[in-house]
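Trainee: Next up is a structure, given as structure tokens.
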Amino acid sequence: MNKEQMDGLKDKVKGKMKEEYGDSTNHTSKKSEGKMDQVKGTVKEKFGDVKEAFNKQK
């Protein structure tokens, strides 16, 4: 697991926590912020996957 994949996983977990907090407190902006963090984490993870696959082919 490379740095991008690890950062992506952290962002996804952080986002899920924010989303759950926003959902339980009816705080829609925090819920939206959590969803955006999850998307950002997914993008970072996918970038890490591509980077890792590229490095394996060298």
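The values are calculated or read from the model by the stated rules, or taken from the named source; none is laboratory data. This is a predicted model, so every value here is computed, not measured. Note that we place each Cβ from the backbone using ideal geometry, even for glycine, and neighbour counts take in every protein chain shown. These area figures cover heavy atoms from the full protein model, side chains too; ligands, DNA and RNA do not enter into them. Shrake-Rupley method; radii C 1.70, N 1.55, O 1.52, S 1.80 Å.
Trainee: Evaluate the following for F54: is it in a helix (DSSP H, G or I) and out of contact with any Asp or Glu (no Cβ under 8 Å at 6 or more places or on another chain)?
Mentor: Yes; evaluated as a whole, the condition is true for this residue.
Trainee: Go through (1) open to solvent by 100 Å² or more (accessible area, probe 1.4 Å); (2) of a type in the set (A, V, I, L, M); (3) over 13 Å from the mean Cα position of the chain (by Cα) for A53 and report which single condition fails.
Mentor: Status for A53: all satisfied but (1).
Trainee: A further question follows. If a residue must be open to solvent by 80 Å² or more (accessible area, probe 1.4 Å) and either under 30 Å from N55 (Cβ atoms) or touching a Cys at 6+ places or on another chain (Cβ under 8 Å) (or both), how many such residues does region 14-38 contain?
Mentor: 3
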